[in-house]
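Trainee: Encoded as structure tokens, here's the structure I'll be asking about.
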Amino acid sequence: MLTYDTIRNGAIALAVAAAISTGAHAAPPAKWAPSASEKLVKLPGDYLKKAVDNDFARSGLAAELARLDEDIGLKTRTLRDLQGAVDRADGDLRLELQHQFLEEKRAYLALMKEQQDVRRKRAETKVRLYERLLSKINAPARDASPQKKELIAKQTAARQRFENSVGRIDTKLLQSSLTAESRYSRDYAKNLAAIEALVGAVKSHPMNQAPQIAGVPVTRAEYVRQLIGENEADLAVIDQEQTILAYMAKLVSLDALALSEGIAADSETVLADAQGPDDGSPAASVEFFVSR
């Protein structure tokens, strides 16, 4: 059985530990260092984002995030069970359970802080990667000298002249055929149909499709800018969640001090329709902190 002094001393220590700092972001040990390779730059459409996501999924940072998500889910279920046990208990047992409930809330806050650090690192890494890719995508337009532009124009004109000459040769050969259905004309028609089928397949291939945002085709540069914006939005959400954790930590500190003085009182849960225990966001666990 825990004595009053043990509970009081433990609660005071808990109050200090619960006041976690949300201003500094300790770098998690896991790593993810994607490269803005030329291969990645050339990927079309949504395959660019898929390639980046797949690269992250193979990283140590992804493994760390998966571990934290699982731990947070387990910790949330523990909090829910303890909350119910506190409501049903009385006397010394209730006091012990309240103390344990505070310790579990402190552990939950520590896990959420770790998860936020990992998610922040993922989003910041993606922003830096997409910014490098965007710079490479825009580089040809910036770096093209007048001489280079002239060379490209000459190469395009030469290729067009070659294609036109091939067409004229084919026409002459067809016209000079002595029979209505020569072997050459049959092969030519067959090959032409094959080329047209292949051209159609190339045009419709998923790897050759222009990227889209909300169903509207956009340039690759615009698509990458959209990805940058999405990850900057993720960072804004993490900042909001940090504010939630700061208030949770303050409530844990106040609850610990109240428990140490023996004045902890029952209070009704404010959130009647809280989300399930597997929801990894701190907002889903507010009920454990607004009630004691």
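Trainee: Full-extension gain between V218 and K42, please, as 0.36 nm times their residue separation minus the C-alpha to C-alpha distance.
Mentor: Working: separation 176, 0.36 × 176 = 63.36 nm, distance 1.54 nm.
The span from V218 to K42 would gain 61.8 nm if fully extended.
Trainee: Further question: What does the extension gain come out to for D92 and Q226, with contour length at 0.36 nm per residue minus their alpha carbon separation? Walk me through the numbers on the way to the answer.
Mentor: Working: separation 134, 0.36 × 134 = 48.24 nm, distance 5.70 nm.
Full extension of this stretch gives 42.5 nm more.
Trainee: Using the Karplus equation 6.51 cos²θ - 1.76 cosθ + 1.60 (θ = phi - 60°), what ³J(HN,Hα) coupling, rounded to whole Hz, does each residue of segment 79-96 give in order, writing x for Gly and Pro?
Mentor: Values per residue, Gly and Pro as x: 4, 5, 5, 5, 4, x, 5, 4, 4, 8, 8, 8, x, 5, 4, 4, 5, 4 Hz.
Values quoted throughout were computed directly from the atomic coordinates according to the rules given, and no laboratory measurement underlies them. The shown structure was predicted, so the numbers you read here are calculated from the model rather than taken from an experiment.
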